[in-house]
Structure formats: C-alpha cells, structure tokens
Amino acid sequence: MVPTERTRLRRAREKARTSRADLDSVLAAGFVCHVGVVVDDAPMVLPTAYGVLGDTLYLHGSVASRSLVQAPASTVCVTVTHVDGVVLARSMFEQSINYRSAMIYGIPRVVEDPEEKLTGLRTLTEQCAPGQWEYARQPNRKELAATTVLALGLDEASVKVRTGPPDDADTPDAALGLWAGVVPMSVVRGAPVPDPALPSDVRVPSHIAQMSR
Ligand SMILES: Cc1cc2nc3c(=O)[nH]c(=O)nc-3n(C[C@H](O)[C@H](O)[C@H](O)COP(=O)(O)OP(=O)(O)OC[C@H]3O[C@@H](n4cnc5c(N)ncnc54)[C@H](O)[C@@H]3O)c2cc1C
C-alpha cells in the first residue's frame with residue numbers, strides 16, 4: 001500500500017504497517033467497523049457490519065438509512081479496530097493499548113447490479129457467520145429492494161499496530177517498583193444458545209457449532 005497524503009501516519013509512525021497483507025489481516029479479523037460520514041454538515045460515526053471480498057469492502061443497511069444514503073456523496077472514513085491488550089505502565093502518561101486498526105478512505109459506490117448486490121450481502125453474511133448464507137433463507141425481492149449495499153475500494157488505507165510491553169522500562173519510573181505489563185484481551189465466541197422458540201429436534205448445524213471453537 002502506498003500511503004497518500006491523507007493516510008500517512010504523523011504520530012507514532014513506527015506503528016504503521018504498509019503491506020496489503022497487514023490490511024487484509026486486520027479486516028479479516030472482524031466484521032464490525034465504524035463508518036464516518038458527513039450528514040447535514042456534521043460528522044456521524046456509525047458502528048455497522050462489513051464484509052471484504054478482494055479489493056472491495058461491502059456495507060449494507062436500510063434504504064432509509066440517512067448515513068448510507070448520504071455516503072456516496074462524499075468521502076467516508078471506515079475504521080476497524082481490534083483491542084489486544086491493556087498496557088499498564090509505571091506512569092499514567094505511558095498507559096496504552098495494544099491494538100490493530102485500519103482506516104480506509106473513499107467514496108462508496110451504490111451497488112445497483114442485482115448479482116453484485118447478492119455477492120455483497122453474501123460477503124457480509126459470511127464474514128460474520130461463515131456457512132450461514134447457504135444455511136438460512138436468502139433475501140427475497142422485497143427484502144433486497146429494502147436494502148442498500150455500498151461498495152468501497154481499499155486503495156486508500158492505513159494500518160496501525162501496537163504490540164508489546166509499556167514504553168517506560170528504561171525511564172526513571174522503572175525504579176518506582178510498580179508492576180507494569182500487559183493484560184491481554186481477545187474477543188471469543190461463546191457456545192450457541194438456542195432460540196427458546198426452537199423445536200427441540202432442530203439441532204445446531206455444524207457451521208454454527210464450529211463458530212465457538
Ligand atoms: C483502541 C485504540 C485506542 C487509542 N487510544 C488513543 C488515545 O487515547 N490517544 C491517542 O492520542 N491516540 C489513541 N489511539 C491512536 C489514534 O487512533 C491515532 O492513531 C492517534 O491519535 C494519532 O492521531 P492523529 O490525529 O495525530 O493522526 P495522524 O497520525 O495525523 O493520522 C494521519 C493518518 O494516519 C492514519 N492513521 C492514524 N491513526 C490510525 C489508526 N489508529 N489506525 C489506522 N490508521 C491510522 C490515517 O490514515 C490518518 O488519516 C488509539 C488507537 C486505538 C486503535
């Protein structure tokens with residue numbers, strides 16, 4: 001990835017990752033992003049689901065969603081964040097977070113082509129719940145008409161990663177005798193909880209059972 005004037009990290013530049021593989025890995029590790037879009041002259045930052053296929057990030061939502069309707073009018077900023085740990089230093093000043101994050105800038109395109117719309121929805125579904133697109137009922141015409149799918153290119157993106165212990169081991173604060181280190185964090189899927197309305201003979205399908213492994 002070649003940094004643009006907009007994606008060049010100014011602060012903590014050593015945390016930049018510039019390979020496309022790093023971007024792909026951050027995007028593949030999640031399915032919730034935040035979309036920053038200007039609506040009525042004010043920024044609106046929305047948590048929403050995403051899916052990535054090749055060089056395209058797909059977003060979806062209601063055709064009535066103000067942010068989605070507004071998005072193709074100008075540049076949006078999509079962020080994906082994974083928190084890997086709380087970094088506890090000897091001083092408040094050096095307290096930090098281990099993370100992997102990506103930011104993508106671009107003008108999204110409304111997906112009009114019916115086939116690509118289904119591809120986008122499938123990509124979103126599978127990123128969140130692999131195997132579910134084939135298992136559950138797929139969208140009908142009415143549902144498709146009520147859904148907007150946006151496609152955003154990955155050309156202008158940045159990745160920032162912090163790893164490791166706190167930064168104050170070689171400062172005078174190290175002599176304070178305080179504990180310092182990292183409390184790791186990760187997101188885990190729990191065991192599937194059946195809908196109480198489910199008949200008892202409907203078993204958990206293997207792709208859902210595997211989600212929590
Ligand atoms: C979970 C988490 C918690 C954070 N907490 C803090 C905090 O409390 N205080 C703080 O100052 N910073 C924090 N950061 C870092 C923060 O995201 C910014 O990187 C930092 O504030 C620099 O901002 P800036 O305005 O100087 O950006 P600049 O360095 O000027 O940004 C220039 C360009 O660099 C890229 N860029 C900047 N930050 C990121 C990023 N995080 N991920 C991907 N690309 C990026 C973007 O393309 C951006 O347009 C945190 C990051 C994460 C992921």
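Quick look at the numbers
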{"quantity": "Ellipticity estimate at 222 nm from DSSP helix runs (n ≥ 4, -39,500 (n - 2.57)) divided over the chain, nearest 500", "calculated": "-5500 deg cm²/dmol"}
{"quantity": "Segment 113-165: Cα Rg divided by the 2.2 N^0.38 Å rule of thumb", "calculated": "1.58"}
{"quantity": "Debye equation applied to the C-alpha atoms of segment 1-53, log10 I(q)/I(0) at 0.18, 0.22 Å⁻¹", "calculated": "-0.85, -1.05"}
{"quantity": "Equivalent ellipsoid dimensions for the chain as semi-axes, Å, which come from the Cα gyration tensor, largest first", "calculated": "36, 25, 14"}
{"quantity": "Label-to-label distance, nm, for residues given as Ala64 and Asp24 (7 Å Cα→Cβ offset)", "calculated": "4.0"}
{"quantity": "DSSP loop GluC sites (Glu not before Pro) with at most 15 other Cβ within 10 Å excluded, longest remaining stretch of the chain", "calculated": "6-111"}
{"quantity": "Total formal charge among the other residues, if their Cβ is under 10 angstrom from that of Ala102, Lys/Arg +1 and Asp/Glu -1", "calculated": "+1"}
{"quantity": "Estimated FRET transfer efficiency (Glu5, Met185; beta-carbon r; R0 25 Å; 0.05)", "calculated": "0.15"}
{"quantity": "Spin-label proximity, Val83 to segment 160-191 - amide N less than 14 Å from point 7 Å beyond Cα toward beta carbon", "calculated": "183-188"}
{"quantity": "Gap separating the Cα centres of segment 156-180 and segment 59-103, nearest whole Å", "calculated": "22"}
{"quantity": "Restricting segment 1-78 to trypsin sites (Lys or Arg not before Pro) in coil, as DSSP defines it, with at most 13 other Cβ within 10 Å", "calculated": "Arg6, Arg8, Arg10, Arg11"}
{"quantity": "Förster radius 30 Å - calculated FRET efficiency between Cys128 and Arg203, Cβ distance, rounded to 0.05", "calculated": "0.90"}
{"quantity": "Nearest-ten-degree value, helix 114-128 long axis tilted from longest Cα axis of the chain", "calculated": "50"}
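Quick note: the coordinates plus some simple rules give every number you see, no bench work behind them. Bear in mind the structure is a predicted one, so any value in this text is a computation, not a measurement. Note that each Cβ is placed from the backbone with ideal geometry, even for glycine, and that neighbours are counted across all protein chains shown.
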